[in-house]
Every structure is written in structure tokens, then in C-alpha cells.
Amino acid sequence: MKNVNDFERVTLGFFPTPLESLPRLSETLGVNVKIKRDDYSGFGGGGNKVRKLEYLMAEACREGVKVVITTGGHQSNHARMVAAAARKFGMKPVLVLRGDEPQTYQGNLLLDKLFGAELQFLDPEGYFTQIEGAMQAHADAAAARGEKPMIIPLGGATALGALGYVRAVEEMDAQLRAAGEPAPDVIVAPTGSGGTLAGLYVGARRYWPKTQIIGVSVSAKADWFQTRISAMADDCARLLDWDQSWQPQDIWIEDGFVGSAYGVPSDGGIEAIYQVAQQEGVLLDPVYTGKAMHGLIALAETGRIAPGSSVIFMHCGGSPALYPFAQKLLEH
Ligand SMILES: *Cc1c(COP(=O)(O)O)cnc(C)c1O
């Protein structure tokens with residue numbers, strides 16, 4: 001069986017990220033909440049994609065890639081971090097974003113501009129049928145110019161990228177051991193493309209086999225994620241030469257906290273942002289981590305996370321997306 005260190009990796013982030021207690025939130029909820037500060041991963045504005053990109057960009061460097069192409073929504077943290085990572089290695093970023101051409105460039109869109117990414121906007125209606133072709137067209141154009149292209153899928157959600165979150169479990173395990181504390185009962189993480197959750201499932205089976213992992217969907221229904229994430233976890237274990245598999249029903253997804261749609265702030269998510277900001281001085285975001293924290297709060301309040309449990313909340317970043325939603329946040 002291989003180890004996460006057997007795979008080539010570039011250094012992008014600052015690890016280990018802090019693992020902190022949230023004492024006032026814990027007291028309110030009656031569960032013992034810690035937060036893993038992957039919003040402090042440091043590179044290109046930070047967030048969870050940094051761990052995945054350490055592996056994915058190592059492949060791009062090894063293969064002499066000149067143009068990196070990826071996709072996401074308007075406020076995609078992933079697209080912004082790919083743009084930063086491409087620039088760090090002298091490559092050109094191309095981002096095909098779901099949405100109409102914006103009137104103002106705020107939040108991640110502003111950062112995409114600062115990184116000099118080439119931007120293409122795809123009509124949200126036709127996005128899912130057109131995205132593969134649109135990214136391939138950029139790849140073909142780059143190849144025709146003699147520049148080697150690489151396409152990174154939505155969210156960097158591949159088995160190789162998921163190794164970043166196997167590594168994150170290993171890192172948290174070392175942090176808890178150093179503090180003389182046991183493995184947590186529960187991990188809660190926002191789930192958008194599923195790569196983070198797949199890596200957490202593989203890592204937890206290895207280091208923390210009794211820990212339950214709950215993905216709070218910010219977009220799709222539970223069954224879509226369960227199929228996708230169990231397959232990605234299988235592939236990730238296979239990369240590690242580890243004979244393990246997951247069934248869709250092994251993956252715990254909560255899909256009741258999306259609100260009206262992906263990328264649209266929900267009332268519960270906004271409330272969670274205010275609560276955590278004012279109880280703990282921690283900034284969440286309206287697209288991912290606010291909705292995931294809404295899930296954690298509701299699961300604790302209804303007892304689905306049992307009273308007294310130890311919980312780690314994965315802070316996956318995203319605070320640039322606070323600013324384009326300023327008005328909505330203030331109206332609340
Ligand atoms: C991408 C992202 C997620 C979701 O992670 P996936 O691996 O795509 O499921 C969660 N939170 C933030 C802030 C993100 O940028």
C-alpha cells in the first residue's frame with residue numbers, strides 16, 4: 001500500500017493549517033466543535049483547492065503544460081485558485097465560467113482578472129451540455145499554437161486531487177495526537193464537486209475508522225453525490241494500491257441546506273455566517289461554508305449529531321464571495 005507522500009506534489013500552501021476549538025459555538029450547540037482552518041491554506045487567497053492542486057499542478061509541471069483550463073461558477077474559488085497556481089508556474093489560465101457575462105467584476109471574478117485569466121462565460125441553461133466541448137476547444141486552440149494544454153475538471157475532483165484530503169486527515173490525526181486527544185466522532189464538510197469528501201472518506205477509513213463524515217450539499221441531491229463520491233473514493237484507494245471500496249449508501253450527504261440553488265445565499269446560511277462571525281470571529285462564506293455550518297447547527301439542534309459529540313468542521317475557504325453578496329448579507 002502506498003502513502004500520500006509517494007506521489008509527486010508541488011508546494012503551494014502552508015501546512016499544517018490550524019485546528020482550533022470554537023468554545024462559544026460548542027456551548028450553544030451542546031457538541032464540541034473544532035474547525036480545521038483550510039481557509040488559511042494561504043496560496044492565492046486560500047481554501048480547500050490548494051491541497052488538491054498540489055498534486056494536480058505537479059502533474060502539469062512534469063508534463064510541461066503551458067495552458068491550464070478549468071471551470072466553475074461566477075464565484076468559483078476553484079477557478080480563482082487554478083488561475084493563481086497556473087501563474088505561479090508560468091502557465092496561462094483559461095476559465096470557462098457558468099453564467100452570463102457579469103456587469104461588475106467582484107469577489108473571485110475580480111481576483112480572476114488580477115491573475116490575468118482568459119475568461120469565457122457560458123449561458124447557465126446550456127452549461128452542462130456545452131462545458132466539455134468548450135474546454136476542449138480551448139485545449140485544441142492551445143495545442144494548435146504549440147502550447148501544451150491541461151484540463152482540470154470542475155472542483156479538481158479527481159482521484160489524484162482527492163489525495164490532498166487523505167493527507168488532510170493524516171495531518172489532523174497528527175495534530176490531535178500531539179494534543180493528546182482522540183479521533184473526532186464526526187467531520188462536517190461542504191460538498192460541491194465531491195473531491196474533498198472522497199478524500200476525507202479514504203483518509204478516515206485509514207486513520208479514523210469510527211469517525212462519521214457528513215457532506216452538506218451546496219448544489220445537487222444526495223443520491224448524485226453518493227454515486228459520484230463512492231466511485232471517486234474507490235479510485236483514490238486504487239491509486240494508493242489499497243483494496244477498499246465504498247457503496248453509495250456508505251456516503252452520508254445532507255441535501256436540505258442548499259436553499260434555492262447553488263451560488264444563491266440561503267437564509268439559514270446567512271444566519272450561520274452571522275452567528276459564527278459574532279460568536280467566534282470566524283468568517284464563513286455564503287456559497288459553501290455558511291450553508292455547511294447551517295447543516296451542522298441543524299443536525300446538532302435536532303440531535304442527529306448526538307449531544308456531547310466531538311465534531312470537526314472543515315473550513316474550506318471562500319471568503320472572497322462575501323463581498324459580491326454584501327447587499328444581500330446586509331438586508332438580512
Ligand atoms: C470547492 C469548495 C468546496 C467544495 O469542495 P468540493 O471538493 O468541490 O466538494 C467547499 N467550500 C469551498 C469554500 C470551496 O471553494
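Residues in the range 165-182 that are small (G, A, S) and either outside any helix (DSSP H, G or I) or in contact with a Leu (Cβ under 8 Å, 6 or more places away or on another chain) (or both): A168, A179, G180.
Could we say that W224 is part of a helix (DSSP H, G or I) and either within 16 Å of the ligand (Cβ to nearest atom) or of a type outside the set (G, A, S) (or both) here?
Values: part of a helix (DSSP H, G or I): yes; either within 16 Å of the ligand (Cβ to nearest atom) or of a type outside the set (G, A, S) (or both): yes.
Criteria met by W224.
Cβ-Cβ distances below 6 Å connect the following pairs, each with a first residue in the range 248-265 that is over 23 Å from A198 (Cβ atoms), a second residue that is assigned to a loop (DSSP other than H, G, I, E, B), and a separation of six or more residues or different chains: G259/S266; P265/P286.
If a residue has to be within 15 Å of the ligand (Cβ to nearest atom) and buried (at least 20 other Cβ atoms within 10 Å of the Cβ) to count, how many in the range 231-251 make the cut?
Our first condition is that a residue be within 15 Å of the ligand (Cβ to nearest atom); within the range 231-251, this holds for 231-233, 235-236, 251.
The next check asks that each one be buried (at least 20 other Cβ atoms within 10 Å of the Cβ); those that pass are 232-233, 236, 251.
Residues that pass the stated criteria total 4.
Of note, T71 satisfies the criterion of being assigned to a strand (DSSP E or B), within 16 Å of the ligand (Cβ to nearest atom), of a type in the set (S, T, Y) and buried (at least 22 other Cβ atoms within 10 Å of the Cβ). Scan the range 143-150 and tell me whether some residue there is more than 21 Å from G46 (Cα to Cα), free of Cβ contacts under 8 Å to residues at least 12 places away in the same chain and assigned to a helix (DSSP H, G or I). Scanning the range 143-150 turns up at least one residue that is more than 21 Å from G46 (Cα to Cα), free of Cβ contacts under 8 Å to residues at least 12 places away in the same chain and assigned to a helix (DSSP H, G or I). It is to be established whether one or more residues within the range 215-222 are at pLDDT 95 or above, surrounded by fewer than 24 Cβ atoms within 10 Å (Cβ to Cβ) and not small (G, A, S). Within the range 215-222, one or more residues are at pLDDT 95 or above, surrounded by fewer than 24 Cβ atoms within 10 Å (Cβ to Cβ) and not small (G, A, S). Going residue by residue through the range 253-271, is there one that turns out to be more than 20 Å from the chain's Cα centre (by Cα) and either within 13 Å of the ligand (Cβ to nearest atom) or under 20 Å from K34 (Cα atoms) (or both)? Looking for residues that are more than 20 Å from the chain's Cα centre (by Cα) and either within 13 Å of the ligand (Cβ to nearest atom) or under 20 Å from K34 (Cα atoms) (or both), one finds at least one in the range 253-271, hence yes.
Name the single residue, out of those in the range 141-178 being within 16 Å of the ligand (Cβ to nearest atom) and small (G, A, S), that is surrounded by the most Cβ atoms within 10 Å (Cβ to Cβ). Checking each candidate, the answer is A162.
Please determine, by comparing only the residues of the range 24-45 that are of a type in the set (G, A, S) and at pLDDT 95 or above, which one is farthest from the ligand (Cβ to nearest atom). Steps first, answer last, please.
Within the range 24-45, the subset of a type in the set (G, A, S) is 26, 30, 41-42, 44-45.
Applying the additional criterion that residues be at pLDDT 95 or above yields 26, 30, 41.
Values: S26: 22, G30: 25, S41: 11 Å.
Within the range 24-45, the match that is farthest from the ligand (Cβ to nearest atom) is G30.
Can you say whether G295 is within 16 Å of the ligand (Cβ to nearest atom), in contact with a Gly (Cβ under 9 Å, 6 or more places away or on another chain), under 29 Å from W208 (Cα atoms) and not in a helix (DSSP H, G or I), as far as the supplied structure shows?
Against the criterion (within 16 Å of the ligand (Cβ to nearest atom), in contact with a Gly (Cβ under 9 Å, 6 or more places away or on another chain), under 29 Å from W208 (Cα atoms) and not in a helix (DSSP H, G or I)), G295 does not qualify.
The values are calculated or read from the model by the stated rules, or taken from the named source; none is laboratory data. From a predicted model like this one, the values you see are computed outputs, not experimental measurements. Backbone-built Cβ (ideal geometry, glycine too); neighbour counts: all protein chains shown.
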